[in-house]
Amino acid sequence: MKKTALLSVLLLSMLSLTACGGDNGVTTPPPPTDNNPPPTGGNPAPYTPPSGIWNGQPQAGTWCAAKPTAAAAPQARSALIATVDRRGLAQHWDAPHTAGRILVYRAPGTLSAQAEQATLSRLNLRLTATDQSGWTVLDGADSTLRANAQALIDSGTYQYAQPEYHHTPAGLPAANDVSFTKQKAALDMLGLPAAWQKVEPGCKPIIIAVLDSGVDASDDQVLPNLTPRASWATFSGNVMTQGVAEVDKTNEDKNGAWHGHAVAGAIAQVAGNSLGGAGATYNLAKVLPLNVFEYAQGAGYVITSTNVARAVQYAAGQVTMPDGKTYVNPYPAQLMNLSFGDGQNYWSGDDAYLMSYLTAALKNGTVVVAAAGNFNNPVVSHPAQNSYVIAVGSVDAAGARSSFSNYGQGLDFVAPGERVLTRFEGADSAWSGTSFATPLFTSQLALWMYANEQYSGSPNAGRTGEGLWNHMMTCLAAASSTKATWNASNKTWSGSWNDQTGAGLVNTAALVDANNTTCR
């Protein structure tokens, strides 16, 4: 099945560990269970982070961080430059969008400010934001939204025009009655406990940006695996607030307000401390929380394309906001997790604004994973549709497609998405949805990147852009349950790919194996 190549147009405790130094291996306790706390006595201390927010440094010890292959400190990255080839109007103007708002694109430097302003004045449109890539945000009357967009294209003022689309969380809450033993079956389906045995603690943690509704900074079971607070950010309208990404605990819509913390918990819940369950990355990754949710009375939580695109830029390195202020992310992300989608039952590249920045992120070395959606549709949601975003669906305990999970066109892989162990209001909880299959898959990629760092000193094995994408997808295909074939030349799946579960489940232990040359 082809994942349409929209390219730049387009915008879901370890066992015995062997050190990368060979004979200098370090053992850590087995995975925690209800009746199996970390051992004491002659065994080394479990690899658990200190309490409080991570201080930004690898944990001290005779581990990977002390070896020549350890990665250097994160370097500041340049701003993303998004490019768009598509011309004309978006097809779908009836999809949920911000009233009266048009996102338009033209290549930078192709029109004078005077000519632009004359056209906008004639159409009673107000310019509210621009960026360095050539995207402009215009506000006017919703009743004339499409007509104004057509006039802008016909006049030659802009190359492409679309609404500012809205997205929704892709998660469904379930009962709060889980523990590690109930979690283990899902982790085993992905080969995660086996993968924990193959990697060495102490390398530079992989940074995963979770673009969602924020985190609970008082949850000690997640806090140690979050990036330093100064790197957090909240995006609302044309405003970014750095150092803040808190869950709105006062909101009556708890499922929406706590969605981001639940997603983060699936990745980053502290492992090895005999409390609750274990995050899928086993303390080897840190979550960068970015709050992109806005609450509208009567409409619930809204996730706009502009909030997400600006968060993508910041996660990848830096963003310049409409007021001209540039914010630099001190912990650029190697991975981004997007557990939301637009819910539309069609294939479209209309959200070229968001997709152009997601594609640009890959060029900068950041991989994006997105939820396929919870609408039982035969096509995955935006933004998972993008050719350079991995679309993740959900399966049940037997490996069959979850009844709610989108399927068909654009689906890449699946992960368990029913009753996934995570955190909610300071306690263990189980949530369901492609929102929660997605962070499990993102965690698999984080461990792959961690293993790359352990073996070669580079999370991406020295690759970015097309080189990174094709190497990664070929590796994932080889480690998949279906052994489907990824065709790098035209971005298609063939062989045993199927429309229900895509290329299937991925075996994390194979991803991190030092002898798996396809993945190294």
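Values computed for the structure shown
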| read-out | value |
| --- | --- |
| Likely footprinting exposure, Glu246, Glu466, fewest C-beta neighbours within 10 Å first | Glu466, Glu246 |
| Relative frequency of Cα-Cα separations exceeding 15 Å in segment 270-325, percent | 66 |
| Full-stretch length increase - Ser274, Ala113 - with 0.36 nm per residue and alpha-carbon distance subtracted | 51.8 nm |
| Dipole magnitude of the chain, debye to nearest 20 (Cβ charges: Lys/Arg +1, Asp/Glu -1, about Cα centre) | 1100 |
| Zone residues, segment 439-479, relative to Ile81, backbone N less than 20 Å from point 7 Å out along Cα-to-Cβ | 464-468 |
| Length released on extending from Ala427 to Ala488, taking residue separation times 0.36 nm less the Cα-Cα span | 17.6 nm |
| Residue order, fewest to most surrounding Cβ atoms within 10 angstrom, among Phe293, Phe340, Phe424 | Phe424, Phe293, Phe340 |
| Relative compactness, segment 88-165, computed as alpha-carbon Rg over 2.2 N^0.38 Å | 0.98 |
| Footprinting exposure proxy for Met355, Met189, Met472 (fewest neighbouring C-beta atoms within 10 Å first) | Met189, Met472, Met355 |
| Distance between modelled label sites at Asp220 and Thr517, nm, 7 Å Cα→Cβ extension | 5.0 |
| Cα centroid separation, segment 204-279 to segment 384-459 (Å) | 17 |
| Given charges at Cβ of Lys, Arg, Asp, Glu: segment 88-165 dipole, positive-most of Val137, Leu125, Ser155 | Ser155 |
| Calculated diffusion of the chain, Stokes-Einstein form, Kirkwood radius summed over Cα pairs, 4 °C and 1.567 mPa s, µm²/s | 57 |
| As computed over segment 308-420, the Cα convex hull volume per residue (Å³) | 109 |
| q = 0.10, 0.12 Å⁻¹, segment 183-284: log10 I(q)/I(0) [Debye, one scatterer per Cα] | -0.32, -0.45 |
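Read-outs: derived from the displayed coordinates by stated rules, not from any lab. Here the structure is a predicted model, which means the values were calculated and not measured. Neighbour counts are summed over all protein chains in view; Cβ atoms, including those assigned to glycine, are modelled from backbone coordinates with ideal geometry.
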